[in-house]
Amino acid sequence: ADPLNDRERQVLRLAGEGRSSAEIAAQLGLSQGTVRNYLSEAIGKLGAANRIEAARIARQRGLL
């Protein structure tokens, strides 16, 4: 099952492309704090150590 919601997946995809929280926030019309919250949730749900590892895990599982 996919543990990520649509917004977490969207933010994680951009983070996996190397974008900063500020860049993601600007692109999606969110605050940087909201972006960090989405990333934190995704990292926790995937059991990753950081945003890059979370993006890698999500790609390997076919979630992105």
- Task: List every residue pair whose Cβ atoms lie under 9 Å apart, where the two residues are 6 or more positions apart in sequence or sit on different chains, the first residue falls within the range 1-29 and is at positive phi, and the second residue, located anywhere, is open to solvent by 50 Å² or more (accessible area, probe 1.4 Å) and of a type in the set (A, V, I, L, M).
- Result: 18/52
- Query: Does any residue in the range 40-52 that is at positive phi come within less than 8 Å, Cβ to Cβ, of a residue that is not in a loop (DSSP other than H, G, I, E, B) six or more places away or on a different chain, and which pairs are these?
  - Reply: 47/57
- Item | Residues (surrounded by fewer than 17 Cβ atoms within 10 Å (Cβ to Cβ) and in contact with a Lys or Arg (Cβ under 9 Å, 6 or more places away or on another chain)) located in the range 14-33 | 27, 28
- Message: Against the conditions (1) in a loop (DSSP other than H, G, I, E, B); (2) open to solvent by 70 Å² or more (accessible area, probe 1.4 Å); (3) of a type in the set (A, V, I, L, M, F, W, C), where does residue 48 fall short? Just the number, please.
- Response: (2)
- Query: Where residues in the range 1-13 are within 14 Å of residue 51 (Cα to Cα) and of a type in the set (A, V, I, L, M, F, W, C), which of them is surrounded by the fewest Cβ atoms within 10 Å (Cβ to Cβ)?
  - Reply: 4
- Query: What single numbered condition from (1) touching a residue at least 12 places away in the same chain (Cβ under 8 Å); (2) surrounded by 14 or more Cβ atoms within 10 Å (Cβ to Cβ); (3) part of a loop (DSSP other than H, G, I, E, B); (4) over 10 Å from the mean Cα position of the chain (by Cα) fails to hold for residue 56?
  - Reply: (3)
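The values are calculated or read from the model by the stated rules, or taken from the named source; none is laboratory data. Model, not experiment: these values are computed from the prediction. So basically every Cβ, Gly included, is an ideal-geometry build from the backbone, and we count neighbours across all protein chains shown. SASA here: full protein model, heavy atoms, side chains in, ligands and nucleic acids out. Shrake-Rupley method; radii C 1.70, N 1.55, O 1.52, S 1.80 Å.
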